[in-house]
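Peer 1: Take this structure first; my questions come after.
The values are calculated or read from the model by the stated rules, or taken from the named source; none is laboratory data. All figures in this text were calculated on a predicted structure; none of them were measured in a lab. All Cβ positions, glycine included, derive from the backbone under ideal geometry; neighbour counts span all protein chains shown.
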Amino acid sequence: MTITSINGPAKIELFETGTWSLQVKNMGSQIQDEFSVKLFDIMTGDEIGSIENPGSVSPQESVTFNFDWSSAAAYNTAFYGVVISEGDQFESNNASKSRFVRIEPDIEYSIFVWDNDNGILTIVDPEKGDQIEPSKGLTMALEEAGLAYYSGTSLPENLYDYDMIFSTMGCYCVD
């Protein structure tokens, strides 16, 4: 048994219920009918939910399990899933990758990203392994977190319009 994917919202509001899905695949050659699927919060260590003995899964069959959750506190975390089956001969594939989750605070804020990195590719994209600009890496992280932002290659006249300003300075060469 292995978890092949975890899906769900990257951002939810306080008290909003989100649904995260774990896709579990039976990689073996026998029907599996005694196992459990669990979803955990990395930040708190809490178990979000658990499904015990959900039914039979045939060899090479994939099944999706959904977990609903809401939070009364605003914070950033990540969720991951675990599938547990008695007599599992290959336990190293029982946990999923983590999925970032931001529980939005009940406040308004504005973000500006100042792209001042000279277009030089100095950051490695962790997903693809390509070299990217620092500003691109920063905006990708903000987008993954579901955060709205403004960006530009020059600073706005009035910085007081923004609650957060991120700046990439790049590498400058003097002739």
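Peer 1: List the strands (runs of 3 or more DSSP E) inside the stretch 62-175, counting only whole elements, that have at least 1 residues being surrounded by fewer than 14 Cβ atoms within 10 Å (Cβ to Cβ).
Peer 2: 62-69, 76-85, 150-152, 164-168
Peer 1: If you go through the stretch 17-27 one residue at a time, how many are more than 11 Å from V82 (Cα to Cα) and at pLDDT 95 or above?
Peer 2: Number of matching residues: 5.
Peer 1: Let me spell it out: the conditions are (1) in contact (Cβ under 8 Å) with a residue 40 or more places away in the chain; (2) in a loop (DSSP other than H, G, I, E, B), and V24 meets all of them except one. Which number is the exception?
Peer 2: (2)
Peer 1: With (1) closer than 25 Å to W20 by Cβ; (2) over 15 Å from the mean Cα position of the chain (by Cα) as the list, and P134 as the residue in question, which single condition is left unmet?
Peer 2: The number of the failed condition is (1).
Peer 1: Scan A74, A148 and give me the residue that is more than 30 Å from M27 (Cα to Cα) and touching a strand residue (DSSP E or B) at 6+ places or on another chain (Cβ under 6 Å).
Peer 2: Just one listed residue meets the conditions, A74.
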